[in-house]
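Notes to accompany the following structure.
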Amino acid sequence: MDNDDLTRLSAALTGRRVRVVELQTTLTACKAVGPENGGDGEMEKIRRITGWLTACGVRDMQRFDALDTRVADGIRPNLVARVPGKSARTLWIFGHTDVVPPGDSTAWSSDPWTVRQEDDRLYGRGVEDNQQAIAGMLILAEELHALRMRPRLTLGLVFMADEECGSDYGLGHLLQHADGLFSPDDLYIVPDAGSPDADRIEVAEKGQIWLQVRITGEQCHAAMPHKGRNAFLAGANMALTCHHCLHTAFPGTDPLFDPPCSTFVPSKHEANVPNINTVPGSDVFYMDCRLLPDVSPEAVLAKSRDVAREVAGRHNVNIVVNVVREQAASAISPQEPVVEALRKAVSHVYEVCARPIGIGGATVAALLRHRGFPAAVWSCLANTCHQPDEYSMISATIKDAQVFAHILMHADHA
Ligand SMILES: [Zn+2]
């Protein structure tokens, strides 16, 4: 019976191409940019999503709003919707409603907030990140309702705010206030990273530590450099030495990750003097460090400070290293039921053999894993997120939804 239901559900989803275009068009027009990026948040988008879910008979909806005076409604909305299954065990799918700004609008071939279709592709800001997931979640709920099906597992849909700026008003807030909503036995999928072939299931994320390096010397005229202490020159030396010494001090590798090593990257550099003929007396740059799970952030900070002392002595300047952001590594076992379930479903729908991988980036899966909820990150993505001419494939949206349907309907995910 379940197999027949799955076949009918999958076939129905195949017929939802026009609906995907409609959903993406409306979602994109909501311009759900967070206040840090000059936007007014996710409220309009959540209103639309709530309306669609209500229209397809979803009754069990709960809001976990975070207060934020920076947006007009004063609220960053988080919505949890559930479609009851035969079992209380739940397949949770997470989509974030916020999007990043379009960036340089001249780099776009058309208006980023107006979805443009070209064959299988939809172009627009947010269509891939993360509306492909949201559209897939919605057509799945709509088809379950249209076919009057009660799936094997309960379907849990989570629509989160604030993913692009740290999730404090999004999943971070939700997890603090949703006591008892999630169970370690449930299945957790975050469709917010993936590969064009759908063949990668992300099960591990490197730790992150962002360092600010502040060099203080003494400003002077560039014609008489010996009268000052050049903070930029010392900073350049610090960037090169730190880059070299950290790679040497933490040389471990893990083939699950690409690249397989920890990375230590001098990245942002703050403006120093506005004119060319002044030796800068202060200089600030940043290091983005991505650490394999067995590398301790404290050890990296300690080593950076050792290097700072040595370089500071050489240049007769002061160098202070501070942490501006830190996130612990997170990983689940590739043998977790959710990984097995995804592998089976992906092989069925996409006809590829998906393998577990680790990434250097950070997704909300880390927040779930740190609380003991085994989350896997998977989707079929072209990886155009945050770029001009971001696009999403209608066929991938539908197949992703079929993968979720497969897990929801099929499984003995023991
Ligand atoms: Zn995303």
Determine whether residue 408 is in contact with a Pro (Cβ under 6 Å, 6 or more places away or on another chain) and either farther than 30 Å from residue 243 by Cα or not in a loop (DSSP other than H, G, I, E, B) (or both). yes
Members of the range 139-179 found to be at positive phi and open to solvent by 10 Å² or more (accessible area, probe 1.4 Å), listed by number: 148, 166
Select from the range 358-414 the residues that are within 25 Å of residue 174 (Cβ to Cβ) and β-branched (Val, Ile, Thr) and write down the one among them that is surrounded by the most Cβ atoms within 10 Å (Cβ to Cβ). 397
Name the residues in the range 73-86 that are in a loop (DSSP other than H, G, I, E, B) and open to solvent by less than 30 Å² (accessible area, probe 1.4 Å), would you? 74, 77, 78, 85
Looking at 155, 122, which one is more than 27 Å from residue 65 (Cβ to Cβ), touching a Lys or Arg at 6+ places or on another chain (Cβ under 9 Å) and modelled with pLDDT of 95 or more? 122
Only one of 59, 19, 89, 48 that is surrounded by fewer than 20 Cβ atoms within 10 Å (Cβ to Cβ) and touching a Leu at 6+ places or on another chain (Cβ under 6 Å): 89
Looking only at the range 90-131, count how many residues are within 15 Å of the ligand (Cβ to nearest atom) and under 30 Å from residue 409 (Cβ atoms). 11
Could you check the range 136-215 for strands (runs of 3 or more DSSP E) lying wholly inside it with 1 or more residues that are polar (S, T, N, Q) and more than 16 Å from the ligand (Cβ to nearest atom)? 154-160
Out of (1) more than 16 Å from the ligand (Cβ to nearest atom); (2) in contact (Cβ under 8 Å) with a residue 24 or more places away in the chain, the one residue 365 does not meet is (1)
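The values are calculated or read from the model by the stated rules, or taken from the named source; none is laboratory data. Because the structure is a prediction, the values reported are computed rather than measured. Glycine also receives a Cβ, built like all others from the backbone with ideal geometry; neighbour counts cover every protein chain displayed. Side chains are part of the model used for accessible areas, which takes the heavy atoms of the whole protein and leaves out ligands, DNA and RNA. Shrake-Rupley method; radii C 1.70, N 1.55, O 1.52, S 1.80 Å.
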